[in-house]
Amino acid sequence: MFRVTRYVKSLLEPTLKGGETGAAPPKPPGPVVIWNLIRRCNLTCKHCYTVSADVDFKGELATEEVFTVLDDLKRFRVPALILSGGEPLMRTDIFEISQRAKELGIYTGLSTNGTLIDESNIAQIAECGYDYVGISIDGLEATHDEFRRRQGAFRESMHAVKLCKQHGIKVGLRFTLTQQNYEQLDAILALIDEHDVDKFYLSHLNYGGRGHRHRKQDAWYQMTRDAMTRLFDHCRAELERGVEREYVTGNNDADGPFLLMWARQHFPDRVEALERRLTHWGGNASGEYIANIDNLGTVHPDTFWWDHAIGNVRQRPFSEIWRDSQDALMQGFRQRPRPLKGRCAECRFLAICNGNTRVRAWKVTGDPWEEDPGCYLSNEEIGVEEDRQRRVAAPFDTIQATEL
């Protein structure tokens, strides 16, 4: 996750902790765990990475099994836990699990589509004390409902946002950028301001689950660059007028180098300090500081690597699985530098980006160490010979918007 607000604020207020004269934030003691507790979902979203459906999936962990894993996560010093699905609110024991995690002192977030949050359960949700509730939005009403394949989903989700705000719950919107919703980004940012949403997470499309099937709808490089520029500009404008909202991005670690280039235009005297901070951040953390447990207890390097298992919590504790470095892919994730190929291997921003999101290369070429086809930076920007052809063509680079 790339924390846009933190870095833009360090440019505006360089003497703050973490700025030019402050210490960089420490690396976490263990991985952030995204736990897909359930695969069942009341929606069938186009870009779902778990390919969920409104049916029961056999073999999911029982409550006591989940509690055993939570105890292990606590001992392993996992700093944060994101409870996801499917739709996590479809688990009948979701509030028991959430309360147990909070009792253990683990930062606990809920990742939901929001359609099941209403007056009947908002008090229970508030009582759980979630550190954050993230609700997915894919555009304005018509676009969102089309993505979610359900009429009325947008209104239900935005009602959930309203209820969370009324009950003092930190709430955010999660937005996956595609060609279909790219032009609505400004309207979404305005929506965030209108509802005083606490956090905005812009996710670049990743090629996992139905996201792989729809990868040709990924935003073109120029669209991505424009969207990121608008996000940086918007965050800066809010900070300058005293509004501090949390803007973050995910699934494209080229955002770090792109912010550095943005800073060269606007804060040239503070670029060196920002570059140090971005290098300390270190880019993609899959298999190292990001982990995933699926609904059957299988552990993966992150949420998009469901076709690569490194163990199961029913057979071994998560802490043992994660410390075990015998898996070849995990060894590659933790190697510095990673065993990358093509543009990624030659990129001058490798220390910042760490090779970006490996699953896109895997889905397109079958080789997890090939160059990332989702990188939107040019050869000139990353220090590669300008006439050098990409080894891995982006699967969306010749698709017209009218074909979607």
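Points worth noting:
- Surface share of carbon and sulfur [accessible, 1.4 angstrom probe, percent] for the range 202-360: 48
- Tail beyond 20 Å, pair distance distribution of the range 281-404 (Cα, percent): 49
- Annotation for the range 279-351: trypsin sites (Lys or Arg not before Pro) lying in DSSP loop with at most 15 further Cβ atoms inside 10 Å of their Cβ are ARG314, ARG348.
- Radius 13 Å from Cβ of LYS74, net charge of other residues (Lys, Arg +1; Asp, Glu -1): +1
- Total lysine pairs in the chain at Cα distances under 20 Å, for residues eight or more apart or on different chains: 15.
- Per residue, in Å², the accessible surface of the range 273-367 once ligands and nucleic acids are set aside, probe 1.4 Å: 39
- Inverse of mean 1/r across different Cα pairs in the range 124-188, Kirkwood, Å: 12.5
- Portion, in percent, of the accessible area of the range 81-140 that falls on carbon or sulfur, probe 1.4 Å: 47
- Sites listed here are GluC sites (Glu not before Pro) in the range 89-144 whose DSSP assignment is loop and whose Cβ has at most 13 other Cβ atoms within 10 Å: GLU119.
The values are calculated or read from the model by the stated rules, or taken from the named source; none is laboratory data. None of these values were measured; they are calculated from a predicted model. Don't worry about glycine lacking a Cβ; one is built from the backbone with ideal geometry, like all the others, and counts go over all protein chains shown. Side chains are part of the model used for accessible areas, which takes the heavy atoms of the whole protein and leaves out ligands, DNA and RNA. Shrake-Rupley method; radii C 1.70, N 1.55, O 1.52, S 1.80 Å.
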